[in-house]
Every structure is written in C-alpha cells, then in structure tokens.
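Asker: Below is the structure I would like to discuss, written out as structure tokens.
Throughout, read-outs are computed from the coordinates displayed, never taken from laboratory work. The structure displayed is predicted, hence computed values, not measured ones. Cβ sites come from the backbone with ideal geometry, for glycine too, and all protein chains shown count toward neighbours.
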C-alpha cells in the first residue's frame, strides 16, 4: 500500500476548501462532489448528507413514511436502520436473512407485508450485494419503494451489473472506516427519480423552498432572495447537510476510489486463502462481486471440539493478531429496543432465528490496512490459529 487513509488529492482539496468556496471547475464544493458521485454511481441525482443514518431518515421522510406505517428491514444489520424508521414514528419490521449471504431473505420479506407496509429497506451487509432482483419483483408486486442501504458496499462503475439501478434509493456512508471517508462522517443518497430527489433534499436541507433535485438549488436573482418578502421554507426538514470541507475531502477520495477498493479486495483475498479448507470457518458467500468492507466468516465451534468465539479471539490476539469484530447485536435485541413493542412487532428473541444464530458466530476481519505487510502477518496468524483450533498443528 502506497498512500494513507486520505489521498494526497483529498488533503489538497481540503486545504483549498478552507480558503475558497469554489472547487475546481467553478462550482461550490458540495454540488461538485454530488455531481462527481452521481457520475461515478450512474445515478441521475446524488444528495450529500452528514451521515448514512441521516440519509436513510431523509429518504423515509421523502417517501412519506409516518406514524402507523411499517418498514421491513433485515434482522442482521446495524440498529440505525431501525432507528431511522422509528424517527419517522413508524414501526421497523424485521425479516430473517439468507444463511449463505447473510442479507435479507426475499421470501421472509414477502411473508411480512401487510396493508401498513410502506417500504422495504434492504442492506448489502459487509459489502455483499443483496438480491435486488428478487426484492424488486416483490416491491413492484406490492407497489412498494425499495431502498438499499449500501453503507458497507461500494462497486466500481465498470463492475456494476444490471442490479445497480434496481432500488428506488441507495444510501452510501463515508464514515471513518468505510471504503472512503469524508473526514469521519458523511453520506450520499442516490436516485433516478427527480421528485424523490427533491423531497430528500428538502428533508435533509431544513425544508428550503428553493431546493431542487439537481445541485440543491434553483437559480434566483439576488433581488428575489434578498427581499424581505422572500419566503424561504415550504417543508419541515432537518439540518443533515454536508459541509464544504467534507465534500472537498470526498471529492479527492472519490478520485482515488479504485485504489482503495483494490486494496481491500487484495487484503480480503489474503484472508480468504488463509481460511481456505477449514471445517470450522465458512466465509460469507465469496462467489459474488463483493466489495469487502470487511472479510467475514461464520465460526462453528461445535465442529472443532467446542472452542468458543471468545477463546478463538484470545488465541488469535495472544499470537499477535490485530483482533476482529463480532457482528453487532441484532437490532431488536439491543437494550434500547428489547422487550418493547411497536405496532404488532414485539422485540424479543426468536424473531429472526437465522439472523440470531449468525450473530453469535460471525467473525469480521478488517480489510482497510494501510500496511500490506501487517495484513499479511494477520492472515498468517489467522491461518495458524485455525490450524491450532482444528488440531492440525
């Protein structure tokens, strides 16, 4: 690996943004980043936000989600997906996941649709694309909008398949550990629908009346918007806007996104080879166009004499490994939701059996190493630990 977490271009643009409101090309920084990201993603419209959570909330608001409505989302994801629904006064309904991909199971989604269902919120978990073809068919059948939480997924344009434009809305994250960061937090929402784009902008932009789908504004003469009679707001919105400095960093990072994606895939391949052939460790389905936010696998201690997840972790770190993450707790089993009810949905164990079983088995290894030799060392220690656990050395 030859550069740090932030590219030289990102650092240069950030410094430029501190002294100038104008980006290369003559536009302001935020609309410039949005235009470049729209071109990168293939979407007609890109709306920048200060986090992916904000982006999901603004998207649900734009779709008219409110009290009494239901939004179906996976039982294996971050709790912010559920929170975004709750922020709208709606009920998150949790669907079980596919045991191979760990993404939301289309058949489970369809079984949960009621007259109150107003959207399907899928998640491409750990960088594994969800089955958008199947979800699109279900969404169309029931006349529901489809959102893909792509916070952990980033696919290069030349790699995009026919699924890329299937959701009505995609939400990306530029948080510190994501494929690229805009300085700690940040996000982008993409859509091809101009009405949805306008409503998302207003929901995320304090409800400014002049906001439109493209570049976040309509052109007004100074005489109009500086007048005491000018009316600024025609909707209630939130201040979820991205800062110019964050946009400048994002613009520079976007110019280097191929490098960042390539390095993650290179590290993931090291880890895949290190875990190949072991009975106790099964990677998340590797036979797809995976962008490897993390390299994750399912560890099954019963296959190797009962070594627990925590014992494996301790063996790995004692041998010099960096450590790794468990899967975050199923959202409905976190203390903030567990035991509560919203609508007919009670947040309790056994709501999504496959998702709950996976949650306690998943090991997620980081792929964003700045030092490839360190990645190689961790892959070696992982292989060594698996050999020891399975009694092979």
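Asker: What residue among 379, 319, 248 shows peak mean-square fluctuation when the chain is described by a Gaussian network model with Cα springs under 10 Å?
Answerer: Taking springs between Cα atoms under 10 Å, the residue moving most is 319.
Asker: Next question, about the same structure. What value, in deg cm²/dmol to 500, does the helix sum -39500 (n - 2.57) over DSSP H runs of n ≥ 4 give at 222 nm once divided by the residues of the chain? Present the calculation step by step, with values, prior to reporting the outcome.
Answerer: Numbers: 13 runs with 142 residues, N = 393.
Taken over the chain, the calculation gives -11000 deg cm²/dmol.
Asker: Note the angle between two axes, namely the Cα long axis of helix 132-141 and the longest principal axis of the Cα atoms of the chain, as a number of degrees from 0 to 90, rounded to the nearest 10.
Answerer: On a 0 to 90 degree scale, this one is about 50.
Asker: I'd like the orientation of helix 244-254 relative to the chain: the angle between its Cα long axis and the longest Cα principal axis, in ° from 0 to 90, rounded to 10.
Answerer: 50
Asker: Once you have the alpha carbon radius of gyration of segment 75-128, what is it after dividing by 2.2 N^0.38 Å, with N set to its residue count? List each step's numbers first, then the result.
Answerer: On the way: Rg = 11.3 Å, N = 54, 2.2 N^0.38 = 10.0 Å.
Its radius of gyration relative to the 2.2 N^0.38 Å reference: 1.13.
Asker: Given a Förster radius of 51 Å and the C-beta distance between residue 27 and residue 303 as r, what FRET efficiency does 1/(1 + (r/R0)^6) yield to the nearest 0.05?
Answerer: Numbers: r = 57 Å, r/R0 = 1.11.
Efficiency at R0 = 51 Å is approximately 0.35.
Asker: To continue, here is another question. Return a whole-number percent for the relative contact order of segment 55-206, with Cα pairs under 8 Å and 6 or more residues apart as the contact set.
Answerer: Values: 285 pairs, mean separation 32.1, N = 152.
Across segment 55-206, relative contact order equals 21 percent.
Asker: Any idea what % of Cα-Cα pairs in segment 37-113 are farther than 14 Å?
Answerer: Working: 1920 of 2926 pairs.
Here the long-distance tail beyond 14 Å is 66 percent of all Cα pairs in segment 37-113.
Asker: Okay, next question. Which of 271, 100, 358 ends up with the largest GNM mean-square fluctuation for the chain, with Cα atoms connected below 10 Å?
Answerer: Its mean-square fluctuation being the largest, the pick is 100.
Asker: Using the number of other C-beta atoms within 10 angstrom as an exposure proxy, rank 93, 171 with the fewest first.
Answerer: Numbers: 93 26, 171 31.
Neighbour counts put them in this order, fewest first: 93, 171.
Asker: Let me ask you something else. Just want the ordering: 328, 352, from fewest to most Cβ atoms lying within 10 Å of their own Cβ.
Answerer: Working: 328 14, 352 24.
Final ranking by Cβ density, sparse to dense: 328, 352.
Asker: Would you mind checking the tilt of helix 194-204 against the longest principal axis of the Cα atoms of the chain, expressed as 0 to 90 degrees and rounded to 10?
Answerer: Relative to the chain, helix 194-204 is tipped by roughly 80 degrees.
Asker: Identify which of 306, 212, 237 has the largest mean-square fluctuation in a Gaussian network model of the chain, with springs joining Cα atoms closer than 10 Å.
Answerer: Looking only at 306, 212, 237, the largest GNM fluctuation is found for 306.
Asker: Set the Förster distance to 22 Å, then compute FRET efficiency between residue 370 and residue 269 from the Cβ-Cβ distance, nearest 0.05. Could the numbers behind the result be given before it?
Answerer: Numbers: r = 17 Å, r/R0 = 0.79.
That pair, residue 370 with residue 269, gives E of 0.80.
Asker: Related question: I'd like the projected area of the chain, averaged over all directions, using the convex hull of its alpha carbons. Report it in nm² with one decimal.
Answerer: Values: hull surface 82.7 nm².
Over every viewing direction, the Cα hull of the chain projects on average to 20.7 nm².
Asker: Here is a follow-up. Hey, got the Cα dimensions of segment 282-387 along the principal axes, in Å, largest first?
Answerer: Projected onto its principal axes, the Cα set of segment 282-387 covers 51, 34, 27 Å.
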